[in-house]
1. Go through (1) more than 30 Å from residue 385 (Cβ to Cβ); (2) part of a helix (DSSP H, G or I); (3) modelled with pLDDT of 95 or more one by one and return the number of the condition residue 102 breaks.
2. Consider only pairs whose beta carbons are under 7 Å apart and that are at least six residues apart or on different chains; among these, list those whose first residue lies in the range 370-386 and is small (Gly, Ala, Ser) and whose second residue is surrounded by 14 or more Cβ atoms within 10 Å (Cβ to Cβ) and modelled with pLDDT of 95 or more.
3. Can you report the number of residues in the range 304-316 which are in contact with a helix residue (DSSP H, G or I) (Cβ under 6 Å, 6 or more places away or on another chain) and not aromatic (Phe, Trp, Tyr)?
4. For the range 9-36, how many residues are of a type in the set (S, T, N, Q), surrounded by 11 or more Cβ atoms within 10 Å (Cβ to Cβ) and outside any helix (DSSP H, G or I)?
5. Could you tell me which numbered condition residue 23 fails, if it satisfies all but one of (1) modelled with pLDDT under 95; (2) closer than 17 Å to residue 75 by Cβ?
6. Identify the residue in the range 367-382 that is buried (at least 17 other Cβ atoms within 10 Å of the Cβ) and in contact with an Asp or Glu (Cβ under 9 Å, 6 or more places away or on another chain) and, among all such residues, is nearest to residue 351 (Cα to Cα).
7. Among (1) under 24 Å from residue 219 (Cα atoms); (2) at pLDDT below 95; (3) surrounded by fewer than 18 Cβ atoms within 10 Å (Cβ to Cβ), there is one condition residue 69 misses while meeting the rest; what is its number?
8. Quick one: in the range 290-332, of everything that is among the hydrophobic types (A, V, I, L, M, F, W, C) and modelled with pLDDT under 95, which residue is surrounded by the most Cβ atoms within 10 Å (Cβ to Cβ)?
Amino acid sequence: MTLQDLLSKLQEIQARLVLNLPKRLRPYFDALDLSARGLLVLGPRGVGKTTLALSRSKGMLYIPADNPLVAPFKLWDICEAAFRAGYDGVIVDEVHYAREWAVHLKALYDAFPGKRIWATDSSSASLESGVSDLSRRFVQIRVPLLSFREFIALKLDHLFPVIDPFNPDISSIQNVINAINPLAAFGEYLRQGLRPFFLEGHYAERLKNVLDKMVFSDVPFWTPQIAENHLRLMQAIVGHLAMSPIPVISVESLTREWGVGKVKLYDLIEVMMRICLIRVIKRKGAASKLHLRGAKLFFYDPSTYYVLNGNTANVREAFVACSLEEAGRSVFATDDERICDFVVDGVTLEVGGKSKSGKAADFVVREGLDVPLPGVIPMWLFGMMY
């Protein structure tokens, strides 16, 4: 196949994908500034990065780097041919599949100053070594998991204003309650709504496929010399998190059972974090990856507990931590469980069900509550932050 043949095939692929774009796009996309000439669009798998890029692809050529048709060609050669054919820019999807991608993007950016060069990838893991070289040229944009506010917009066609759960606008809450049943919608969202592909149906099957790709495709890119035993250990950690009633792991028992050292186990947990498989909430001050004492480990996507038919006891805490971090807030595990579950910007939070008491926390985050009470925040409000 010649370069011209490849360009023709890529044009066909792009045309089909654009025709099949969803009618409703994530509201989060509207707030993004995509004016930079060089863009790196990052985020977990399945959050709509490709949809975002294709929705703004007029005049640009879409290059799926994970397509086997693309593999035989150098990224430079494909992009140069696209520019010579008159394209204003290129979109390289799943860029880490392209050989020496960082070198080529940097060279293309410098050699074609009038062209736009965008790249997307499913996590920062495989990009870490290259991003530092591109930081002066390329703007990074991160696409988070779908918020409850966006779920409502896509599912029920109601777009409500952003609400700060710590200082909510009561009239905004009233508007939501008058228009929809937030508790019923929130329950559906938690089970199958944190990624926009819920609109296509078969959510559980799709999320399981995403989880498999993380372990068997993303991990080897991050740690090329990984052993089969390490992959099985990661799966064991996933199984433990799915079934455990408390969000912790025993480092000692895992190292003993699997015959790995603590450093290797911490390395594997670090990889699982970077590919957006798990979320580790550490105590404040525990910056080192070698300090998991007192840390809480959750699935990155809270709906994973339901999809894996796991123990849903940790879903509430997983969701609150997820929503706060995806909104850009710093979340820490408490030093004293007798006081609270989390600390956010100096505010202590206790998370629980309908009858949860506050211990000594500043706020109780309560499931099954539709309106805020003094010192009590409805859990669904944490899904309205973006």
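The values are calculated or read from the model by the stated rules, or taken from the named source; none is laboratory data. In this text, all values refer to a predicted model and were calculated from it rather than measured experimentally. Note that each Cβ is placed from the backbone with ideal geometry, even for glycine, and that neighbours are counted across all protein chains shown.
1. (3)
2. From residues that are small (Gly, Ala, Ser), the pairs are 375/363; 375/364; 383/147; 383/148; 383/149; 383/186; 383/189; 383/323.
3. Our first condition is that a residue be in contact with a helix residue (DSSP H, G or I) (Cβ under 6 Å, 6 or more places away or on another chain); within the range 304-316, this holds for 305-308, 310-312, 315.
Retained after the next criterion (residues that are not aromatic (Phe, Trp, Tyr)): 307-308, 310-312, 315.
Residues in the range 304-316 being in contact with a helix residue (DSSP H, G or I) (Cβ under 6 Å, 6 or more places away or on another chain) and not aromatic (Phe, Trp, Tyr): 6 in total.
4. Our first condition is that a residue be of a type in the set (S, T, N, Q); within the range 9-36, this holds for 11, 14, 20, 35.
Retained after the next criterion (residues that are surrounded by 11 or more Cβ atoms within 10 Å (Cβ to Cβ)): 11, 14.
With outside any helix (DSSP H, G or I) added as a condition, the list becomes none.
Residues flagged as of a type in the set (S, T, N, Q), surrounded by 11 or more Cβ atoms within 10 Å (Cβ to Cβ) and outside any helix (DSSP H, G or I) within the range 9-36 amount to 0.
5. For residue 23, the exception is condition (2).
6. Within the range 367-382, the match that is nearest to residue 351 (Cα to Cα) is 379.
7. Only one criterion in (1) under 24 Å from residue 219 (Cα atoms); (2) at pLDDT below 95; (3) surrounded by fewer than 18 Cβ atoms within 10 Å (Cβ to Cβ) is unmet by residue 69, namely (2).
8. Taking the range 290-332 as the starting set, the residues that turn out to be among the hydrophobic types (A, V, I, L, M, F, W, C) are 290, 292, 295, 297-299, 307-308, 313, 315, 318-322, 324, 327, 331-332.
Among the residues that remain, those that are also modelled with pLDDT under 95 are: 290, 292, 295, 313.
Details: 290: 11, 292: 20, 295: 17, 313: 14.
Top of the filtered list is 292.
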